[in-house]
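J.: Sharing a structure, written as C-alpha cells. Questions coming.
What follows is calculated from the coordinates using simple rules that are stated; it is not laboratory data. These figures come from a predicted structure and were not determined experimentally. Here the Cβ is made from the backbone with ideal geometry for all residues, glycine too, and neighbour counts use every protein chain on show.
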Amino acid sequence: MNAKRKEAGSSYEFATTRWSLVASAGRRSSAEAEAALAFLCQRYWKPLYAYARRHVANPEEARDLTQGFFARLLEKNTFALAEPGRGRFRAFLLTTLKHFLLNEREKATSQKQGGGRPVLSLDFDKADSTLRFEPADERTPEKLFDRQWALTVLEQVMNQLEAEYREQSKTGLFEHLKSFLIDKTASHATAAASLGMTEGAVRTAAHRLRKRYRELLREEVARTVETEDEVEDELLQLFQSLQS
Amino acid sequence: MMRGDESERIGMAELRFCSLCGKVLEEGSPGGLCPECLFKVGLEPSSQGAATQSSPSGRFTPLNPQELAPYFPQLEILELLGKGGMGAVYKARQINLDRLVAVKILPAEVSQDPSFEGRFKREAKALAQLNHPNIVGVHDSGLASPQPITSSPGREGQAISPASDKPPLFYFIMEYVDGVNLRHAIRGGKLKPEEALRIVPQLCDALQFAHEEGIVHRDIKPENILLDRRGRVKIADFGLAKLLGIPAGDVRLTETRQIVGTVPYMAPEQIEGSRDVDHRADIYSMGVTFYEMLTGELPIGRFAPPSKKVQIDVRLDEVVLRTLEKEPEQRYQHASEVKAQVESIQQNPQKDWAKTAKGVGAEVWRKGKQAAEWVFQKATATGAQTRKKVEELLKKDDARNQVENEPSQPPGPVELWTILLLFACMSGVGMLLDLTRATHWPAGTIVGLLPLGLLTWKQRGTALGWRGKWALCLLAVVGLGIPLILREIGTLFIVACVVVVFLVIFNYIGALSPALELGRSVAG
C-alpha cells in the first residue's frame, strides 16, 4: 500500500489550494487559508444549493440561504469552525450547512445573514436548469448532496481538462477523444480518420487523456480531504453516491 | 462484450443513454459523459503497476492464438472468441479427443496476488462439481506455462518452467458452446415473450442447482448466458466474479481496483458493497435480464412493469418485479420459485374474461380519477375563497389591534394549510378516536380542541380580537361538525355551546393569537 501511495504521490502535485490548508489553519486564520476556503466554496457551492433546494420550497429562498451560508462561513469569526480533525471538506460543509439551516428556521423572521448581498458569484440559473429537481426523486437530501458533490468534482475535472487542451489549441482533439475516456473499446480507426491522425497516434493520445484525467481527478479530490491517504476512500465514496 | 458506440435515442423524450452502462444520461452530465462510468475510469489507479500483460492503457490485451499455442501443446488453438474484464476466451480443438473446447485465460494481473493460486484451486474444484445441462461445464483448469514444442503433450499445467521469460497463465478448459450469447440474441431490441419465457426456466434450473451447491454466480447478464444451436441455455463464467473480484468481507480493500459485476445487472446490495451478498443477488440479476429480454430496456430508476411495454400476461409483472425487489428478503428466495411461477402462468393462460375485467377496471379507474380531479379543483377553489374571507376578517382585526395595542408583527397572509390543519384536527382526531357519537360528544369536542391548545403552546405576540377568534372557532365547529351532522344533527347545537365556552376561556387566557402567529411565521 505504502509503495503504491508513494508512486501515486509522485505522479501528481498535491494541489496547493486545498482543504487541509484551511483545516490546519484553524483558529489562527491566515489570509492564505481564507483565500483557500473562498476558492473551495466557489468550486463546491452547487451541492449546497441542491441541498438547500430540497430544504425549502422556493428557489429564491434557497438562493438566499446559500448566499447567506457562504457569507456566514467566510466571516472571520466563524472561520475557526474549521479545526484540524474536522474531517473532509464535504462532510464539514454539509454539517455546517445543516446547522445553519436549523438556525435560520428558528429565527423565522429575522434578517437573512448577508442581507442578500452576494458574496460569491454563483450562477443559480444555470444550476437550476441542470439540477433537475424532480418531486418524484426519492433520494434523501444527504444523498442528493453527495451525488451533486461527485458531479461537481467531475465537472471541475472535465473543465480543467478541457482548459488544458484549449491552451494547447487542441480543443478539437479533446472533443473527439472525450468518449475514449469511458469507452475504451470505441473504434480508434474512426477517430483517426476524422482527426487525420494515425490509429496509433490516436491510441496514444487517448491514453494520455485518460492518464491526465485520472491525475486531475485525484488532484481535485485531494483538495477536499485532510490527508492524502483519504483520497482513494473519498473517490470510492463519491463513486458509490453516484450509483445510488 | 458488446457495446453500442453511440447513445441511443428513443421516442420523443430524446433520452440519452450511456453507451457503456446503459443508464440514462442526465442533463448537464460532465462533458456529456456518463458520470458513473467516468468515475469508474477515474478509480483505476493513475499509475499503472508492472502488469505483465497490460497495454499502456492498463487494459487487458489477450494473446493471439499463435502466441497462446505454446502454453497448450495438447490443444489446437483456433481463434479468439472474445475478451472482457475477466479474461479472454479462445476456441480450440482438443487433439486427442477431437472435440471442440473453449479455453478461458484469466488476466495475467491475477498472478501478482500470492493468495490467488490457492483461491483459484479451491474455486476450480467447486466449479468442476457443477455438472448441469444449463451450465457450461469445466473440463480442466490450472496454471499453464509455455512449453517447448518438443515436450510431450498433455502435461499438467502446474509445472512452471523457471527458464521461461513468459509468465504462466491461469486457465479453464471448458465445454464449447456452439451458438450465440443472449446479448447477441437480443441485439435487435428484445425477444419475443415466448422466447424469453422459454429461457427463464432454464436459467432458474441452472441457478437453483448452483445455489444448492453453494456457488453464487455474481455476474449474471446477457453476455454470460449462451444459447446453443438447439436453443438450450448455458450459463458461463460461474464463480469467476467471486474469484477475480471482491473476497467477501474484504470489500473496502479491493473495491477501488475491481468493481466486479456489470453495474446495471448488479443487485443493490452488490453495488453498495455489502458483505452479505448471497444467491439472491443472482435472482436480482436474472430479473434484470428477464426484464430486458421482455422489454428491450433495463429496469433503471422508475420503470414500468413489463406488461405496460409489451403484450404479456399481467401476472408476469409480479414475477419480474419481485425478482427486482431492492431488499433481498423481499425477492424470491429461490430460483426454483421463479421457475414455478413462470410455468404456472404459462400453463394457465389468462382467461378472456380476465382481460375484459382488466379493461373495465382501467376504464373505472380513469373515470374515477377524472372525478377526483374535478372534486379536488372545486375544493381548492372553495378553500381559496374561505381563506380570503378569513384573511379579510383577520386583517380587520389586526388593523384594530394596531390602534389598540402595540403590534409586534405586521399582518401577514394566512396560509391555506393552517386552516386545513384546524379542520383536520377538529374532525380527524374526534373521528379517529370514534368520539363523534352522541354519547361521547363532550370528549370528542375536548379532544378536538386539544390541537388548538397545542398550537397555542407558545405564549407570545399580540392578543387577537374577537372577530379573529370567532373566525377560527367557526372553522373548528364546522370541522368537528361535519361528522356530527352525519350522525346526529341535534348534538351540533350542544357542541357549538361547548365551543363557545372554550372560546370564552381561550379569550380569557389570550391563547389563540399565538396559534395564528405561529401559522404566519411558518408561512412567511
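J.: Give the order of B:Phe303, A:Phe239 when sorted by the count of other beta carbons within 10 angstrom, beginning with the fewest. Show your work: numbers first, answer last.
T.: Working: B:Phe303 16, A:Phe239 20.
In increasing order of surrounding Cβ atoms, one gets B:Phe303, A:Phe239.
J.: Measure out, as a whole number of angstrom, how far apart the alpha-carbon centroids of segment B:227-244 and segment B:61-105 sit.
T.: Centre-to-centre distance over Cα atoms comes out at 17 Å.
J.: With just the Cα atoms of segment B:277-316, tell me how far they stretch along each of the three principal axes, in Å, largest first.
T.: For segment B:277-316, the Cα extents along the three principal axes come out at 33, 20, 15 Å.
J.: Something else now. Cα centroid distance between segment B:276-330 and segment A:165-244, in Å?
T.: Going from one Cα centre to the other spans 34 Å.
J.: So what's the net charge close to A:Leu161: Lys and Arg +1, Asp and Glu -1, counting the other residues with Cβ under 12 Å from its Cβ? Walk me through the numbers on the way to the answer.
T.: Working: positive: A:Arg166, A:Lys170, A:Lys178, A:Arg208, A:Arg210, A:Lys211, A:Arg212, A:Arg214; negative: A:Glu155, A:Glu162, A:Glu164, A:Glu167, A:Glu175, A:Glu215, A:Glu219, A:Glu220.
My count for the surroundings of A:Leu161 gives 0.
J.: A 25 angstrom limit on the alpha carbon distance is what I want to check against. Which of A:Lys178/B:Lys40; B:Lys104/B:Lys234; B:Lys125/B:Lys339; B:Lys91/B:Lys221 exceed it? The partial results should precede the final answer.
T.: Numbers: A:Lys178/B:Lys40 15 Å; B:Lys104/B:Lys234 16 Å; B:Lys125/B:Lys339 28 Å; B:Lys91/B:Lys221 21 Å.
Among A:Lys178/B:Lys40; B:Lys104/B:Lys234; B:Lys125/B:Lys339; B:Lys91/B:Lys221, the Cα-Cα distance tops 25 Å for B:Lys125/B:Lys339.
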